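**Q** Following this message is one structure expressed as C-alpha cells.
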Amino acid sequence: MSILTLVKIRASATRKAVRLSKVDGQKAGSISREEDAVEASHQSLNDRVREALRDAIVGGQFKPGDRLVEAKLAELFGVSRNPVREALKALGNEGIVTIAPRRGAVVAELSEGEAADVVELRAALEGFSARLAARRLDGEAGARLMSVLKAGDEAAERGDTDALPGLNDIFHAELADASSNLVLAGIMRTLRAKTHWLFASVSEQRVLASWKEHAGILRAILDRDEEMAALLASRHVTNVGRDLPKLRAESEAMADPNEGGDKEDAIDPVPDTPAVHKLYTM
C-alpha cells in the first residue's frame, strides 16, 4: 500500500468520525479535528518523501550534478508531484539540492574549496557532538551505538567494504542523536548530506582505517571522557578531509565516461534506503 493511499484512507476515516460526531452535536469541534488530521497526514507524507530523498542522496544513489525530475521521483516514491516538489524546495533551502531556472533541480555540487570548508566545519561540530554525547549518553543511545559498531566490525572482518559507508553514516547519525541536541543533530545531518560523495569515495584501505577509528570515539564516550571524545571525533573527520584533492580526482576518474548531459537516467532505479523502504511498506 502506497503512502498516498494510506493518507486517503486516514482522511476518509477522519471524515466519517466527524460525521458521527456531528450527530452528537459536536459539529464545530469535529470539523476542527478533521482539518488538523488531514493537515497532519499531508505534512507526514511531505516529511517522508523529503527524508527518503535525503537518504538517497546521502547514500549515493543520486550523485552531485544528477537531475532530480519531479515526475520520475513521484513515480518512484508512489506519490503525487506535490510532496516531491515540497521535498526539493526543503532540500534546496538546506543546500543539498540546487534549483536552477530552465534546468530544474539537481544534486548540489561543491567546489574543492567549498567541500574543504564544509569538512572543516563538520570536523569541529563532530567534536562538539561527541563531547555532548560523552556528557549526556544514556543506556539506550549507548546500546544503539554499540550495535552499529558491532555490525561495522563484522562487515570489516568479512571484507565487506561496500557496507561500511552506509554504516558510517548511521554511526554518525546515532552519535549526533546521543548529543541530545536537536538543533546540532539537524545541522550535522545536512553537513553529512553535503559531503556524502567525499566519504563514499575513499579507498578500501581508508574505509577500514576510518571504521576502526569509531571504536576509539565510542570508548571515550562510554568512559565519559569529553576531551578525548571530542579530539578523536574531530580528527576522524579531518583525516578524510585531508585527502580531499586526491579523493575528488579518484571520484572523477571512476565516473562513467558515457554519462553526460543532464544525467537524467541516473534516477531510474528505486533508491534502496531505509526511508524509501518506509515509503513502500507503510
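Coordinate-derived values only; no laboratory data. Everything numeric here is computed off the predicted structure, so don't read it as measured data. Heads up, the Cβs are rebuilt from the backbone with ideal geometry, glycines too, and the neighbour counts pull from every protein chain shown.
**Q** Just flag the trypsin sites (Lys or Arg not before Pro) in the range 77-121 sitting in loop per DSSP whose Cβ has no more than 15 other Cβ atoms within 10 Å. Intermediate values should be presented prior to the final figure.
**A** Numbers: sites: 81, 85, 89, 102, 103; in loops: 102, 103.
Those satisfying the criteria are 102, 103.
**Q** Let me make sure I get this right: for the range 98-143, a, b and c are the square roots of the gyration tensor eigenvalues over alpha carbons, sorted descending. Under 1.5 in a/c it's rounded, otherwise prolate if a/b > b/c, else oblate. Which is it? Please list the in-between numbers first.
**A** On the way: a/c = 5.43, a/b = 2.21, b/c = 2.45.
Oblate.
**Q** What are the residues whose amide H is under 5 Å from the amide H of residue 66, where those residues sit 5 or more places off or on another chain and H is modelled from the backbone?
**A** Amide H neighbours of residue 66, under 5 Å, 5+ apart: 107.
**Q** Can you pull out the GluC sites (Glu not before Pro) in the range 63-121 that DSSP calls coil and that have at most 14 other Cβ atoms within 10 Å?
**A** Numbers: sites: 70, 75, 86, 94, 109, 112, 114, 120; in loops: 94, 109.
Of the GluC sites (Glu not before Pro), the ones in loops of the range 63-121 whose Cβ has at most 14 other Cβ atoms within 10 Å are 109.
**Q** Running Debye on the range 52-189 with equal point scatterers at the Cα sites and no solvent, what base-10 log of I(q)/I(0) appears at q = 0.08, 0.13, 0.15, 0.18 Å⁻¹?
**A** Here log10 of I(q) over I(0) equals -0.28, -0.72, -0.91, -1.14.
**Q** Put +1 on the Cβ of each Lys and Arg and -1 on the Cβ of each Asp and Glu in the range 93-137; which of 106, 95, 125 then has its Cα farthest toward the positive end of the dipole?
**A** It is 125, whose Cα lies furthest towards the positive end.
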